[in-house]
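One structure is given here, and the rest of the page talks about it.
The values are calculated or read from the model by the stated rules, or taken from the named source; none is laboratory data. Given the structure is predicted, the values throughout are model-derived calculations rather than measurements. Because the Cβ atoms are built from the backbone with ideal geometry, glycine has one as well, and the counts that use them run over all protein chains shown. The protein model used for the area step is the full one, side chains on, heavy atoms only, and it has no ligands, DNA or RNA in it. Shrake-Rupley method; radii C 1.70, N 1.55, O 1.52, S 1.80 Å.
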Amino acid sequence: MTDEDVPPDVATHQHHLQELRSADIDHDHAALTAALNDPDQLAGDAAAVDHLDRVAAQRSSAASFTAWLRQHEDLFPADSYCHHRAQQWLTLKHLQENPQTPLSLAELDDWTQRQLSHHSDSPPHLRALADSGRTRRIRQLAQARLDQLQPKDSPS
């Protein structure tokens, strides 16, 4: 496939992904603004969410991620998908930093439950997800993660 064969929306998305991936995370406001203001809103939003996911994965603490979000709060209005994803990440980071926090599964959407099932080191959270996660996939992931964390009985 040549550049001429790439549909315009795909080319737009790829362009924004490239710009955001090459931007320094602490100086990415202009690239994020360009993506979110693109006339092809779907392509721009998709690139922005991809970037937000990468930033959240790189920022190890909720405080660090919150500081990054504050620099970009003008770009993520409360009704935007980026704002929603940022809130999902903050919830996930809070739960990971506070493994004894009671887990209210009714308040967690599928994405957050799935991420927590993959990455949590909290047996109480994983047990809750294994027992009552929203989907069979989430319950299976949580049980598998729980099994990884619990040492197997060794023969005596």
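Observations
- Restricting A47, A67, A35, A31 to those that are out of contact with any helix residue (DSSP H, G or I) (no Cβ under 9 Å at 6 or more places or on another chain), of a type outside the set (V, I, T), part of a helix (DSSP H, G or I) and at pLDDT 85 or above reduces the list to A67.
- Residue that is farthest from A57 (Cα to Cα), among those in region 95-135 that are assigned to a helix (DSSP H, G or I) and basic (K, R): R127
- Evaluation of C82 against (1) within 13 Å of the chain's Cα centre (by Cα); (2) open to solvent by 30 Å² or more (accessible area, probe 1.4 Å) (one fails), failing number: (2)
- Failed item, numbered, when W89 is tested on (1) open to solvent by 80 Å² or more (accessible area, probe 1.4 Å); (2) part of a helix (DSSP H, G or I); (3) under 30 Å from P124 (Cα atoms): (1)
- Residue within region 102-122 that is more than 21 Å from H16 (Cβ to Cβ), free of Cβ contacts under 8 Å to residues at least 12 places away in the same chain and hydroxyl-bearing (S, T, Y) present: yes
- First in region 71-84 and closer than 21 Å to D26 by Cβ and in contact (Cβ under 8 Å) with a residue 40 or more places away in the chain, second anywhere and in a helix (DSSP H, G or I) and of a type in the set (G, A, S), Cβ under 8 Å, 6 or more apart: L75/A48; C82/A48
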